[in-house]
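Please read the structure below before turning to the comments.
The values are calculated or read from the model by the stated rules, or taken from the named source; none is laboratory data. All values reported here derive from a predicted model rather than from experimental measurement. Cβ atoms come from the backbone with ideal geometry, glycine included; neighbour counts cover every protein chain shown.
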Amino acid sequence: MEKKPVIILGIESSCDDTSAAVLRDGVLLSNVTASQAVHEAYGGVVPELASRAHQQNIVPVVDQALKRAGVSKEELSAIAFTRGPGLMGSLLVGVSFAKGLAASLGIPMIDVNHLQGHVLAHFIREEGTPSDLPPFPFLCLLVSGGNSQIVLVKAYNDMQIIGQTIDDAAGEAIDKCSKVMGLGYPGGPIIDRLARQGNPEAYEFAKPAIEGYNYSFSGLKTSFLYNLRDWLKDDPDFIEHHKCDLAASLEKTIVDILMNKLRRAARDLKIRHVAVAGGVSANTGLREAFREHASRYGWKIYIPKFSYTTDNAAMIAIVGHFKYLDKDFCPMEAPAYSRVAI
Ligand code: KG4
């Protein structure tokens, strides 16, 4: 008898993207995401508005994901959902929807740690595209709006944070500095675009001296703000005149901070397989730094496709796939959690 395929529906709703994806035997069939433009006017995600938008988006997004995959609800093996960390109101929408659908179909539910999803996004396979999967153990630099961590990945289900930010995340620092410059939200892609036309050596900002593999970005943020204030006193149009150099210097400082610790960790642990994940992994300067490290230090690097850098349900579904194979299901009463380690 032919073996039944494992078909996983993944649901992601931890912040401001409502996403659903379908995987068959670990191969991506669809990945549909509805973003929320409503937050742009506020310069950051407004939790109450985010949960309302998730409620509006979740049904059409799941419907589209199933249609594009050519899969009916009845064919699903299990439903994987982001349980945390994230915004509680946002998480609750995805968690409740997943529970309702799983109960009505009589299939298992799989709870997924959002951060593990970012790391395991490197294992999503696409039809007709050769896969280059990292072997265990590997290091993953996980950088997003809420996290900056160096993760030692020993297996699909065995990850250890060996370094992390003690204050702001890298993406948060970029977004805040961009806000100070009066640029739009989110700042990351804007800073990235401006930085391509600027001189990264034009300005110097504070770099932290933190023990071990940990990070800190709050000093950099303050140094950026105070320097800018001084320069604006002399030239009220300073930002307009120098925004490309400011963006390039800021980006370079953040990339240097991230790579210095990652390089040290890779050297100490003698690991040459190094991956990057999370929203900030879309950054051009960071990607270039990875490629430069690959040629200089003999690293084998793993850089995600742009569609897997920001929040998406394909990464939730791939964790669901591995947990399904281990029969690692969760009970119906499993609550969402806003904070949790990897
Ligand atoms: O992983 P992610 O989508 O979600 C959260 O952590 O919520 O990461 C979002 C972060 C934001 O701070 C955004 O500014 C940053 O990723 N980001 C970038 C780029 N694209 C997104 N930062 C630098 N360069 C980019 N191209």
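Numbers at a glance
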{"read-out": "Selection status of Ile239, away from the ligand (no atom under 13 Å from the Cβ), of a type in the set (Val, Ile, Thr), part of a helix (DSSP H, G or I) and surrounded by fewer than 20 Cβ atoms within 10 Å (Cβ to Cβ)", "value": "yes"}
{"read-out": "Residue among Gly171, Gly182 that is in a loop (DSSP other than H, G, I, E, B) and either within 12 Å of the ligand (Cβ to nearest atom) or not aromatic (Phe, Trp, Tyr) (or both)", "value": "Gly182"}
{"read-out": "Single unsatisfied condition, Gln164 versus (1) surrounded by fewer than 24 Cβ atoms within 10 Å (Cβ to Cβ); (2) near the ligand (Cβ under 10 Å from one of its atoms); (3) under 15 Å from the mean Cα position of the chain (by Cα); (4) not aliphatic (A, V, I, L, M)", "value": "(2)"}
{"read-out": "Test set (1) away from the ligand (no atom under 13 Å from the Cβ); (2) under 21 Å from Gly184 (Cβ atoms); (3) of a type in the set (Gly, Ala, Ser) - Ala282 fails condition number", "value": "(1)"}
{"read-out": "Flag for Ile107 being part of a loop (DSSP other than H, G, I, E, B), within 21 Å of Ser30 (Cβ to Cβ) and assigned by TED's automatic domain parsing to the domain that holds Leu23", "value": "yes"}
{"read-out": "Residues located in segment 277-308, provided they are within 10 Å of the chain's Cα centre (by Cα), outside any helix (DSSP H, G or I) and over 12 Å from Ile124 (Cβ atoms)", "value": "Gly278"}
{"read-out": "Check on Ile210, away from the ligand (no atom under 15 Å from the Cβ), out of contact with any Lys or Arg (no Cβ under 8 Å at 6 or more places or on another chain), in the same structural domain as Asp167 (by TED's automatic domain parsing) and closer than 29 Å to Cys140 by Cα", "value": "yes"}
{"read-out": "Members of segment 133-149 that are touching a strand residue (DSSP E or B) at 6+ places or on another chain (Cβ under 7 Å) and away from the ligand (no atom under 16 Å from the Cβ)", "value": "Pro134, Pro135, Phe136, Pro137, Phe138, Leu139"}
{"read-out": "Matching residues, segment 31-52, being part of a strand (DSSP E or B), hydroxyl-bearing (Ser, Thr, Tyr) and touching a residue at least 40 places away in the same chain (Cβ under 8 Å)", "value": "Thr33"}
{"read-out": "The lone exception for Lys323 - which of (1) in a loop (DSSP other than H, G, I, E, B); (2) on the phi < 0 side of the Ramachandran plot it fails", "value": "(1)"}
{"read-out": "Any pair with Cβ under 8 angstrom, 6 or more apart, that starts in segment 277-289 at a residue that is on the phi > 0 side of the Ramachandran plot and ends at one that is near the ligand (Cβ under 8 Å from one of its atoms) and outside any helix (DSSP H, G or I)", "value": "Gly278/Val143; Gly278/Ser144; Gly278/Asn147; Gly278/Thr309"}
{"read-out": "Flag if Val6 is in contact with a Ser or Thr (Cβ under 7 Å, 6 or more places away or on another chain), in contact (Cβ under 8 Å) with a residue 40 or more places away in the chain and surrounded by fewer than 20 Cβ atoms within 10 Å (Cβ to Cβ)", "value": "yes"}
